[in-house]
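Here the structure is laid out as structure tokens; the discussion comes afterwards.
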Amino acid sequence: MKNKIKIMLLAFVLTVSMCVPAYAEVVEEYLGFSADEMKESSQQFYEQCIAATDEELDNVITSYENSDTPALAESYQGLKEVKSSITNAEYGDFVMETVEESDSNAALSMSLDLICESGTYQQIVVVDENFQIVRFNYELKEAASMGSLMAKAGMNTLMGMGIVFLVLILICFLISLFKYLPGSGYAKQKALELEKDKQKEIPAAPSPVNPAPSRIQPEDDTELIAVISAAVAAAMGTTTTDGFVVRSIKKRKW
């Protein structure tokens with residue numbers, strides 16, 4: 001009976017050890033490196049992964065498949081699958097933990113949150129005692145809610161419309177400055193407009209409509225009437241003006 005109990009306890013311990021292969025402890029410093037320095041190193045690793053092309057990733061995967069670290073081939077394959085989802089991410093929380101795994105020489109695990117449009121991903125990089133990468137992966141920690149996606153879409157729309165209006169206002173302002181350029185003709189046009197305004201301000205003399213014929217006052221032009229009467233009498237062959245009377249004198253236009 002006692003032997004059966006010992007065997008059952010041994011089987012339980014082995015099962016637990018297989019199900020929990022790693023033991024982690026959160027630390028703020030590791031081998032003289034602070035958490036801030038390790039966070040910066042994790043950020044640089046993320047930027048290098050995002051900058052790699054698909055062709056470069058394929059070459060790295062092929063090289064690691066034929067090496068002693070095939071786990072890295074799986075890591076880079078996983079990166080290739082989620083690369084489009086974690087592009088242009090913002091950095092979030094960072095956690096550094098010491099780990100012990102029965103199946104590898106892992107010593108330190110670094111977790112960096114990546115805040116993306118589709119949600120929050122977690123970059124987990126595991127290194128050994130020599131700071132050589134054992135494996136890494138990207139896990140979706142929290143998917144973005146519909147409300148946050150709509151809010152971000154609305155903010156992007158407002159920013160886009162605002163930029164468009166600002167550019168249009170700037171273009172209108174630049175066009176308004178063209179009149180001050182030499183040779184634009186603005187000064188000449190302005191002078192013509194001023195001249196027209198001055199001419200409008202001067203009142204025009206009223207033009208007479210059907211003006212009455214001017215009459216020569218007899219008291220003022222007695223001599224002229226006498227001369228004209230004598231001329232008319234001579235033309236008629238008489239010496240007197242009894243046969244006619246000069247009543248008015250009109251100026252004739254030739």
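The values are calculated or read from the model by the stated rules, or taken from the named source; none is laboratory data. Nothing here was measured: the structure is a model prediction, and the numbers come from that model. We place every Cβ from the backbone using ideal geometry, glycine too, and count neighbours over all the protein chains shown.
Which of the residues belonging to the stretch 10-53 are touching a Ser or Thr at 6+ places or on another chain (Cβ under 9 Å), of a type outside the set (Gly, Ala, Ser), modelled with pLDDT of 80 or more and within 18 Å of PHE136 (Cβ to Cβ)? Full working, then the answer.
Keep residues of the stretch 10-53 that are touching a Ser or Thr at 6+ places or on another chain (Cβ under 9 Å), which gives 17-18, 21-28, 30, 33, 42, 50.
Restricting the remaining residues to those that are of a type outside the set (Gly, Ala, Ser) gives 18, 21, 23, 25-28, 30, 33, 50.
Next, from what is left, pick out any that are modelled with pLDDT of 80 or more: 26-28, 30, 33, 50.
Selection gives TYR30, PHE33, ILE50.
Taking into account only those residues within the stretch 99-109 that are part of a strand (DSSP E or B) and among the acidic types (Asp, Glu), which is farthest from GLU37 (Cα to Cα)? Can you show your working first?
Within the stretch 99-109, the subset part of a strand (DSSP E or B) is 99-101, 106-109.
When the remaining residues are screened for being among the acidic types (Asp, Glu), the result is 100-101.
Values: GLU100: 22, GLU101: 24 Å.
Filtering first and then ranking leaves GLU101.
Give me the residue from the stretch 54-98 that is touching a Lys or Arg at 6+ places or on another chain (Cβ under 7 Å) and either in a helix (DSSP H, G or I) or of a type in the set (Gly, Ala, Ser) (or both) and, out of that set, modelled with the lowest pLDDT.
Taking the candidates together, the pick is ALA71.
For the stretch 26-44, indicate whether the set of residues that are hydrophobic (A, V, I, L, M, F, W, C), in contact with a strand residue (DSSP E or B) (Cβ under 6 Å, 6 or more places away or on another chain), more than 21 Å from LEU114 (Cβ to Cβ) and in a strand (DSSP E or B) is non-empty.
So in the stretch 26-44, the residues hydrophobic (A, V, I, L, M, F, W, C) come out as 26-27, 31, 33, 35, 38.
Then drop every residue that is not in contact with a strand residue (DSSP E or B) (Cβ under 6 Å, 6 or more places away or on another chain), which leaves 26-27, 35, 38.
Cutting the leftovers down to more than 21 Å from LEU114 (Cβ to Cβ) gives us 27.
Then drop every residue that is not in a strand (DSSP E or B), which leaves none.
The answer is no, given that none of the residues of the stretch 26-44 is hydrophobic (A, V, I, L, M, F, W, C), in contact with a strand residue (DSSP E or B) (Cβ under 6 Å, 6 or more places away or on another chain), more than 21 Å from LEU114 (Cβ to Cβ) and in a strand (DSSP E or B).
Per-residue answers, yes or no, for (1) closer than 22 Å to SER84 by Cβ; (2) more than 20 Å from the chain's Cα centre (by Cα); (3) surrounded by 14 or more Cβ atoms within 10 Å (Cβ to Cβ):
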{"residue": "LEU108", "(1), (2), (3)": "no, yes, yes"}
{"residue": "LEU112", "(1), (2), (3)": "yes, yes, yes"}
{"residue": "CYS116", "(1), (2), (3)": "yes, yes, yes"}
{"residue": "THR120", "(1), (2), (3)": "yes, yes, yes"}
{"residue": "ILE133", "(1), (2), (3)": "no, yes, yes"}
{"residue": "TYR138", "(1), (2), (3)": "yes, yes, yes"}
{"residue": "MET161", "(1), (2), (3)": "no, no, no"}
{"residue": "VAL167", "(1), (2), (3)": "no, no, no"}
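Test each condition in (1) more than 29 Å from GLU29 (Cα to Cα); (2) more than 41 Å from the chain's Cα centre (by Cα) for ASP128 and report the one that comes out false.
Result: ASP128 passes all but (1).
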